[in-house]
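The structure appears below as structure tokens.
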Amino acid sequence: MAHHTLKSSYTSLVDRLNLFPQGAPPSKLLDKILIMLFSEKEAHLVSLLPIKPFTAAKAARVWKMRLPEAQRILDKLASRAILVDIDQNGETEYVLPPPMAGFFEFSMMRIRSDVDQKVLGELFYEYLNVEEDFIKDLFTLGETQLGRVFVHEPVLSNKNAIHVLDYERASEVIRTASHMGVGTCYCRHKMLHVGRACDNPLDICMTFNTTGASLIKHGFARQVDVMEGLDLLDQAYESNLVQFGENVRNRVNFICNCCGCCCEAMIAARRFAIFNPVHTSNFIPGIDEQSCTGCGKCVNICPVEAMTLVSANDPKKPNRKIAKLNEEVCLGCGLCIRACKEDSLALQSLPARVITPLNGTHRAVVMAIERGKFQHLLFDNKVLFSHRALAAVLGVILKLPPIKQIMATQQVKSRYFEALISYSERDLTQKNCN
């Protein structure tokens, strides 16, 4: 294949990835990563695929090839965790996951010999941690983010527990998942190859439900039962790791057990705190200034540097320090509560609940609208040709606040959408009047 065609294949793949609400800014480093993960033929074929779930028959039509050949290519890509294969009512559907959380992580979730993971880890580090454009775009565009923090359950008091909903508990995700797989932590594995890894557990990255089932099937994750899953969660608690998971209420697909030094979400939460890159839990620590001794344990354990020590302004003890919280930065994880031995910290409920999208469709639609990519989500995936998919998207749109409905119609420029939303508003007004 000629050089200009090679370049075109990978450029087209980058263009396809940028149809996701969370895209991948073009970069020479990204090109090198994709060349390691995709052959030029695979890059071309994947660039033609929709970013919503599709069947082998759909891929065969898009690729203009016979079904058995398309099936072989799809299964090969799924076996390398480039695609996620999902069994639905006796039929297999495939989906191209976004780069993150997606095939970037999957490529480092097990030790493998088909790619040079040291070189790959170094490229990921340069692209994500040095160049930063990808991480900044991923975590700072729009109000609705990819992930959210789960509260540290061991520090919940009986009073707190009343206010914690099931979907806010990592333990409940483990108990209710159809499948659970555990693999190598992408972030610490990547840092290992650049000499920056900490000594926190590696084999503790959790995937669930359809994503977990696919990764287990192809050996990228080890299947575990509920009991072992809860044991691993306890291990994460003992290691003072933050549970950072998919920002949905139903069918959570991943929970990372994050350290402040290696994990992308925690690094982003420090570097881009003013953009609120991570959705917080519904709690915040309250400080009892009278009993605080200024020992600094809460400062040392906070993964996002939300805690500091300041003067207590105590005339009798001029050198006395106390903890001070930066509420704009705090994730509400609760690690500081566990670290405090003086019982000077306690979890308090936020005055207003953090809104968590219902499911992946809800989150994708809102993220796409906020990032100006709703038209891609709707038309480039041919979602209008599937009544079920269109109904799901419309269902989300009609429940959004008016400002986001306006943003959606401006991006799509559809008279059908405008009429639908206007009709919905009139119907709601009539119901309220009656």
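The values are calculated or read from the model by the stated rules, or taken from the named source; none is laboratory data. Everything numeric in this text was worked out from a predicted model, so none of it was measured. Neighbour counts are summed over all protein chains in view; Cβ atoms, including those assigned to glycine, are modelled from backbone coordinates with ideal geometry. SASA here: full protein model, heavy atoms, side chains in, ligands and nucleic acids out. Shrake-Rupley method; radii C 1.70, N 1.55, O 1.52, S 1.80 Å.
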Quick check, is Asp116 touching a residue at least 24 places away in the same chain (Cβ under 8 Å), open to solvent by 60 Å² or more (accessible area, probe 1.4 Å) and under 19 Å from the mean Cα position of the chain (by Cα)? no
Among (1) crowded, with 19+ Cβ neighbours inside 10 Å; (2) of a type outside the set (A, V, I, L, M, F, W, C); (3) assigned to a helix (DSSP H, G or I), where does Asp85 come up short? (3)
Kindly check whether there is at least one residue in region 150-167 that is assigned to a strand (DSSP E or B) and open to solvent by less than 10 Å² (accessible area, probe 1.4 Å). yes
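Consider Glu122 carefully, then state whether it is touching a helix residue (DSSP H, G or I) at 6+ places or on another chain (Cβ under 7 Å) and surrounded by fewer than 23 Cβ atoms within 10 Å (Cβ to Cβ).
Working: touching a helix residue (DSSP H, G or I) at 6+ places or on another chain (Cβ under 7 Å): no; surrounded by fewer than 23 Cβ atoms within 10 Å (Cβ to Cβ): yes.
Here the answer is no, as Glu122 does not meet what is asked.
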Would you point out which residue out of Glu91, Glu69 is open to solvent by 20 Å² or more (accessible area, probe 1.4 Å), modelled with pLDDT under 95 and of a type in the set (Asp, Glu)? Glu91
Looking at region 119-141, I want the residues that are within 18 Å of Ala269 (Cβ to Cβ) and have a partner that is of a type in the set (Ser, Thr, Tyr) and assigned to a helix (DSSP H, G or I) with Cβ atoms under 9 Å, at least 6 apart or on another chain. Which pairs are those? Asp133/Tyr127; Phe134/Tyr127; Ile135/Tyr127
Kindly indicate whether any position in region 168-176 is open to solvent by 10 Å² or more (accessible area, probe 1.4 Å) and under 21 Å from Cys330 (Cβ atoms). yes
In region 88-113, anything under 14 Å from the mean Cα position of the chain (by Cα) and among the aliphatic types (A, V, I, L, M) is listed as Met100, Ala101
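Return the residue satisfying two criteria in turn: it lies in region 366-375 and is in a helix (DSSP H, G or I) and of a type outside the set (A, V, I, L, M), and of such residues it is surrounded by the most Cβ atoms within 10 Å (Cβ to Cβ). Spell out the reasoning first.
Filtering region 366-375 for residues in a helix (DSSP H, G or I) gives 366-370, 374-375.
With of a type outside the set (A, V, I, L, M) added as a condition, the list becomes 370, 374-375.
Details: Glu370: 17, Phe374: 26, Gln375: 17.
Checked region 366-375; the qualifying residue surrounded by the most Cβ atoms within 10 Å (Cβ to Cβ) is Phe374.
Residues are listed down the side, and each one gets a yes or a no for (1) under 28 Å from Lys118 (Cβ atoms); (2) of a type in the set (Lys, Arg); (3) assigned to a loop (DSSP other than H, G, I, E, B); (4) open to solvent by 50 Å² or more (accessible area, probe 1.4 Å):
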site: Ser9; (1), (2), (3), (4): yes, no, no, no
site: Gln22; (1), (2), (3), (4): yes, no, yes, no
site: Met36; (1), (2), (3), (4): yes, no, no, yes
site: Ile51; (1), (2), (3), (4): no, no, yes, no
site: Val62; (1), (2), (3), (4): no, no, no, no
site: Ala81; (1), (2), (3), (4): yes, no, yes, no
Please pick out the residue among Val194, Val248, Val242, Val224 that is at pLDDT below 95 and either within 23 Å of Pro21 (Cα to Cα) or among the β-branched types (Val, Ile, Thr) (or both). Val248
Of the criteria (1) under 24 Å from Ile355 (Cβ atoms); (2) of a type in the set (A, V, I, L, M, F, W, C); (3) open to solvent by less than 20 Å² (accessible area, probe 1.4 Å), which one Leu128 fails: (1)
Might you let me know whether region 267-289 holds any residue that is assigned to a strand (DSSP E or B), among the hydrophobic types (A, V, I, L, M, F, W, C) and either in contact with a Pro (Cβ under 7 Å, 6 or more places away or on another chain) or exposed (fewer than 15 other Cβ atoms within 10 Å of the Cβ) (or both)? no
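If you check Arg363 against the conditions, is it in contact (Cβ under 8 Å) with a residue 24 or more places away in the chain, surrounded by fewer than 19 Cβ atoms within 10 Å (Cβ to Cβ) and under 28 Å from the mean Cα position of the chain (by Cα)? Walk me through how you get there before you give the answer.
Values: in contact (Cβ under 8 Å) with a residue 24 or more places away in the chain: yes; surrounded by fewer than 19 Cβ atoms within 10 Å (Cβ to Cβ): no; under 28 Å from the mean Cα position of the chain (by Cα): yes.
Judged against the criteria, Arg363 is not a match.
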Going through (1) part of a loop (DSSP other than H, G, I, E, B); (2) under 21 Å from the mean Cα position of the chain (by Cα); (3) buried (at least 19 other Cβ atoms within 10 Å of the Cβ) one by one, Val14 fails only at (1)
Might you let me know whether region 354-362 holds any residue that is among the aliphatic types (A, V, I, L, M) and farther than 30 Å from Leu17 by Cβ? no
